[in-house]
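To keep things clear, I will list the structure first and then write my remarks on it.
The values are calculated or read from the model by the stated rules, or taken from the named source; none is laboratory data. Keep in mind that this is a model prediction, so the values were computed, not measured. Glycine gets a Cβ as well: all are built from the backbone with ideal geometry, and neighbour counts include every protein chain shown. Each accessible area value is taken on the protein alone, full model and side chains, heavy atoms only, with ligands, DNA and RNA left out. Shrake-Rupley method; radii C 1.70, N 1.55, O 1.52, S 1.80 Å.
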Amino acid sequence: MADRVTVIGWDGSPLTEAARSALAAATLVAGAAHHLALPEVPAAAERVRLGSVDLAARRIAGHRGTAVVLADGDPGLFGVVRTLRAPEHGLEVEVVPAVSSVAAAFARAGMPWDDARVVVAHQRTLRRAVNVCRAHPKVAVLTSPGAGPAELALLLDGVHRTFVICEELGTEREQVTVLTSDKAADHVWRDPNVVLVIGGGAPGGAPAGGWLMGHDTPAVRGWALPAEDTGGHTGQDPTLRAAQLGRLGPRVGDLVWDVGCAGGAFAVEAARLGAAVLAVDADPEACARTETAARAAGVQLQAVPGRAPHVLERLPEPDVVRIGGGGVPVVTACTDRRPERIVAHAATRDEAEAMSNALADGGYEVECALLQTVGLDPADWTERARSVVFLLSGRRT
């Protein structure tokens with residue numbers, strides 16, 4: 001194992017005294033091509049091109065001498081430090097940080113970033129990164145080949161955002177471009193780059209002086225609230241909505257389909273939990289009510305007017321789905337897209353049985369419950385409202 005491993009962050013500025021000292025003593029230096037070309041790298045040191053960090057870590061673990069790993073920006077922010085310290089490599093490292101590429105990108109844009117979400121986009125995580133951009137007004141995306149600005153823009157089809165694209169930060173070839181998301185796919189972008197995805201924030205903007213980085217504190221405490229407290233319209237029983245949210249578990253990075261969104265109460269609550277939401281309804285007025293409810297609640301979602309199941313064919317892949325109407329044809333259309341979980345409800349046993357069979361035929365493990373709620377007036381304990389409904393939930397097998 002190497003006698004000493006130092007990880008040096010580099011943001012294009014002159015290296016610090018600590019970084020130069022570590023490099024001068026290095027017998028092995030790992031980094032990208034532009035790092036290995038730095039004049040401070042000793043001519044006699046073994047040089048390792050940093051492609052796979054795992055392979056480089058194994059090489060360092062077997063090296064007898066002093067090793068240095070050069071990385072762009074702050075290597076502790078979605079960087080090589082995590083991999084080098086992983087138990088399978090057993091490397092203890094010293095870190096000389098630099099300004100992260102995220103901080104540098106927001107500095108170039110002249111924007112604060114304590115209220116930003118930061119995501120990494122690889123080909124395997126690109127869809128989830130896009131869902132975060134759908135759901136939140138300020139996102140920094142650390143891209144990779146095959147998951148860059150053009151791919152982000154294509155998957156954000158129909159969602160208007162401003163892209164601040166920072167290419168090769170800290171180098172002589174640095175370039176910052178600001179354009180709308182619909183134009184980003186028309187260009188070829190240089191790696192490495194960072195994309196700031198901005199737009200769609202709640203009216204009035206974010207409050208000054210936040211206290212929790214990257215997260216918004218909901219204005220209203222709790223969930224499965226009465227519809228009027230979410231900015232939505234009455235019509236759906238909050239107890240049913242609570243059960244549906246509990247079965248689906250929407251979370252950051254998910255895309256939720258709310259098919260038959262009606263007044264928007266469920267769609268708004270799913271968005272409050274951090275998920276991206278497509279609210280679908282055949283009634284344009286229902287879509288308008290849902291958008292109004294989202295603005296009132298300070299969340300983002302996309303309303304899609306159209307009749308299910310046909311309108312679902314052009315929507316991006318969902319993670320979880322709530323079906324608010326449409327019966328067996330809509331259930332079948334949703335199972336064909338293979339989300340992790342689906343919830344639906346029915347007013348009669350025959351309807352519930354038909355939808356349960358459709359879920360099972362689609363490859364889902366089905367749970368069914370009969371929910372009965374009775375709203376009481378606490379002043380005299382008289383009945384205010386009664387709801388009886390069959391709740392069906394499907395978990396993909």
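Would you mind computing Rg(Cα) / (2.2 N^0.38 Å) for the chain, counting N as its residues? The partial results should precede the final answer.
Working: Rg = 25.6 Å, N = 397, 2.2 N^0.38 = 21.4 Å.
Compactness ratio reported: 1.20.
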Output the antiparallel fraction of DSSP beta bridges having both residues in the chain, as a percent to the nearest 5.
50
Give the share of C-alpha pairs in each 5 angstrom bin for the range 270-325, from 0 to the last occupied bin, in whole percents, shortest bins first.
4, 19, 30, 26, 18, 4, 0
Using per-residue counts of other Cβ atoms within 10 Å, averaged over each peptide, order 238-248, 382-392 from highest down.
238-248, 382-392
Using only the Cα atoms of the range 256-397, build the gyration tensor, take square roots of its eigenvalues as a ≥ b ≥ c, and label the shape rounded, prolate or oblate: rounded if a/c is under 1.5, else prolate if a/b is larger than b/c, else oblate.
oblate
Using Cα centres only, tell me the gap between the range 251-277 and the range 286-306 in whole Å.
10
When the accessible area of the range 247-397 is split by element with a 1.4 Å probe, what percent falls to carbon and sulfur?
48
Which of Gly170, Gly148, Gly375 fluctuates most in a GNM of the chain (C-alpha springs under 10 Å)? That residue is Gly375
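Sorted by average packing, counted as other Cβ atoms within 10 angstrom per residue and highest first, what order do 15-25, 216-226 take?
Values: 15-25: 16.0, 216-226: 13.8.
Taking the mean over residues of other Cβ atoms within 10 Å, the ranking is 15-25, 216-226.
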Amide H contacts under 5 Å for His63, placed H, 5+ residues apart
Ala2
Take the range 1-90, compute every pairwise Cα distance, and split them into 10 Å bins from 0; I just need the percent in each bin.
18, 57, 24, 1
Of all GluC sites (Glu not before Pro) in the range 43-126, which ones are in loop regions per DSSP and have a Cβ with at most 15 other Cβ atoms within 10 Å?
Glu88, Glu92
Just the Cα atoms of the range 218-328, one point each, no solvent: what log10 I(q)/I(0) does Debye give at q = 0.14, 0.19, 0.23 Å⁻¹?
-0.46, -0.88, -1.34
With Rh as the Kirkwood radius over Cα pairs, the range 326-397 has Rg/Rh of 1.15
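Helix-derived [θ] at 222 nm for the chain: sum -39500 (n - 2.57) over DSSP H runs of at least 4, divide by residue count, nearest 500?
When only DSSP H runs of four or more count, the value is -7500 deg cm²/dmol.
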